[in-house]
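Reading through the structure tokens given below for one structure.
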Amino acid sequence: MTLFRGLILGPALMLAAVPAGAQEDLRVEGDWAHSASGMTFPERLGNALRTRIHAYDAEQLDVSAGYSLRRGGELGFVTLYVYPATPDQDCAASFAEIERNVTQGNADVKLVAEDRWPSPSGRTPDVGYHARFTMKGVLDGREQPLTSESYLFCPAGGTWLVAARGSWSRAAKLESAFAELLHGLDWPLELDEAEESTGKN
């Protein structure tokens with residue numbers, strides 16, 4: 001899933017700072033649980049099939065799961081990330097960094113939508129940040145106009161962060177399929193609520 005590497009900045013994706021020996025693709029069959037956070041990455045999630053789970057550290061705290069997303073003959077690629085927040089995490093600043101990295105790392109990038117999202121269950125408003133871009137890039141082996149979306153969920157006072165990146169041909173309309181994939185995840189309660197006392201959500 002090299003299409004997504006380096007496009008979201010966070011502990012899980014600052015690959016230059018992580019020794020190569022500490023990173024590995026995990027050999028997994030069936031659903032896989034990130035034991036530290038309680039997040040589960042199913043082998044199949046609706047129309048999406050998991051293609052890879054990658055650990056960025058030996059303790060498997062920073063991890064990502066790649067999915068291929070198909071609907072009506074259209075193909076998209078999605079990567080989900082879960083990783084520990086840094087002390088005094090500011091989610092708005094973290095997402096702004098994500099957006100800057102997307103715009104700097106791709107050609108002909110335009111921000112076409114930006115909004116806040118509730119937690120996946122809808123229990124907590126404005127926990128998530130979302131942006132949609134158009135750009136030119138390589139997808140499925142060829143360069144083409146793309147739609148790309150980024151999400152960052154900052155629950156539980158920033159103990160864990162969950163990020164997501166999806167890309168597909170601009171001719172494909174997979175925005176709703178991507179949102180359904182996120183809603184279809186089995187979110188632990190502690191990842192589905194914001195810490196009201198800190199305001200850093």
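The values are calculated or read from the model by the stated rules, or taken from the named source; none is laboratory data. Bear in mind that the values here come from a model prediction, so they are computed numbers and not experimental data. Every residue, glycine as well, gets a Cβ built from its backbone with ideal geometry; the counts of neighbours run over all protein chains shown. Areas reflect the complete protein model, heavy atoms only, side chains present, ligands, DNA and RNA absent. Shrake-Rupley method; radii C 1.70, N 1.55, O 1.52, S 1.80 Å.
Just so you know, in region 40-61 the residues that are in contact with a helix residue (DSSP H, G or I) (Cβ under 9 Å, 6 or more places away or on another chain) and under 19 Å from Ala177 (Cβ atoms) include one that is most open to solvent (accessible area, probe 1.4 Å), and it is Asn47. Looking across region 104-150, the residues that are farther than 26 Å from His183 by Cα and among the β-branched types (Val, Ile, Thr) come down to Val109, Val138. Within the bounds of region 73-95, is there any residue that is of a type in the set (Phe, Trp, Tyr), under 18 Å from the mean Cα position of the chain (by Cα) and open to solvent by 30 Å² or more (accessible area, probe 1.4 Å)? Yes: one or more hits.
Kindly evaluate Leu152 against the criterion of being among the aliphatic types (A, V, I, L, M) and open to solvent by less than 10 Å² (accessible area, probe 1.4 Å). Spell out how you get there, then give the answer.
On the way: among the aliphatic types (A, V, I, L, M): yes; open to solvent by less than 10 Å² (accessible area, probe 1.4 Å): yes.
Considered against the rule, which asks whether it is among the aliphatic types (A, V, I, L, M) and open to solvent by less than 10 Å² (accessible area, probe 1.4 Å), Leu152 comes out as yes.
Residues that are part of a loop (DSSP other than H, G, I, E, B) and free of Cβ contacts under 8 Å to residues at least 24 places away in the same chain within region 43-54 comprise just one, Glu43. Scanning region 136-187 for residues that are under 19 Å from Gly46 (Cα atoms) and in a loop (DSSP other than H, G, I, E, B) gives Ala172, Lys173, Leu174, Leu185, Asp186, Trp187.
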